[in-house]
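Readers should treat all values here as calculations from the given coordinates under stated rules, not as data from a laboratory. Since this is a predicted model, take the numbers as computed values, not measurements. Cβ atoms come from the backbone with ideal geometry, glycine included; neighbour counts cover every protein chain shown.
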Amino acid sequence: MNVDNIAALSALLIRAGFEEGIGYRILQRVCFNPVSFSLVERLQKKSDVLTCQLHFQRNGSDYTCSYYDVSLLKGITMPDRIIAAVNLSELDQVMGEIDWHFKVVNQVFRLQEETSWQREKSITQIVHQLSRLSATEEGKYFADALRLKYWAEAGLEEVVGNVNAIRAKFEISQRVYFIEGEGISVDEAYRFLLNRWMEKKMQARRRERDRENQSDNSDSNGEVSSKGLLQKKKRTRVKRNNR
């Protein structure tokens, strides 16, 4: 095990903006002497979350980190709106108060005593509200956002649904390369992804306006056609009466 190589990798990643403890995380994997491995680092940026997957490859006795994949999950907040009799901001608050990690054993659990499984009872009500939201096209967007926000990182991916498809709505990714020991920092990658996110939102709003304009034009054309048809029928009746 090449300690100098681990130190060099650690210094490279710390310069890029990763935490000081990254060296020990590398050591924990290198001691198994794998051909390749990856580490996932999650960084909180205000209400946003950056997920960085670092890729390492063995070359002889040394390891290299040539790139990392970084994804930005924008902070998901709910508007103060009611859809399908569900208050979005209240549901968001209730879900935020629940510990969604299920690995801890409940020592006081008694099936006949509801107070010993109050969390699970609350979850049942939350799931019912999410189902009501998902029944509408507008509500499904917010239901997916809440599932992703609270369940995806808690080991509950199987109840989120199509995680990749849902992530595509709220997440944006980029691959960042290291060349000769240098690369853009995590903060620079974050600013770049923020810019791409804003561009994505602007494009979505532009498409929405285009759809609304097309719908308005379609309705307008339908009214004109109806008026023309009525006028044509009137002219036909007048000609027949003159005969």
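Which residues, counting only those in the stretch 107-132, are of a type in the set (V, I, T) and in a helix (DSSP H, G or I)? Selection gives T115, I123, T124, I126, V127.
To keep it simple, each residue is scored yes or no on (1) among the charged types (D, E, K, R); (2) within 21 Å of K74 (Cα to Cα); (3) in contact (Cβ under 8 Å) with a residue 12 or more places away in the chain; (4) touching a Phe, Trp or Tyr at 6+ places or on another chain (Cβ under 6 Å).
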| site | (1), (2), (3), (4) |
| --- | --- |
| S122 | no, no, yes, no |
| Q125 | no, no, no, no |
| H128 | no, no, no, no |
| T136 | no, no, yes, no |
| R147 | yes, yes, yes, no |
| A154 | no, yes, yes, yes |
| V163 | no, yes, yes, no |
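Looking across the stretch 9-26, the residues that are exposed (fewer than 15 other Cβ atoms within 10 Å of the Cβ) and without any contact (Cβ under 8 Å) to a residue 24 or more places away in the chain come down to A11, I14, E19, E20, G21, Y24. Scanning the stretch 74-95 for residues that are in contact (Cβ under 8 Å) with a residue 24 or more places away in the chain, exposed (fewer than 15 other Cβ atoms within 10 Å of the Cβ) and under 24 Å from L194 (Cβ atoms) turns up G75, T77.
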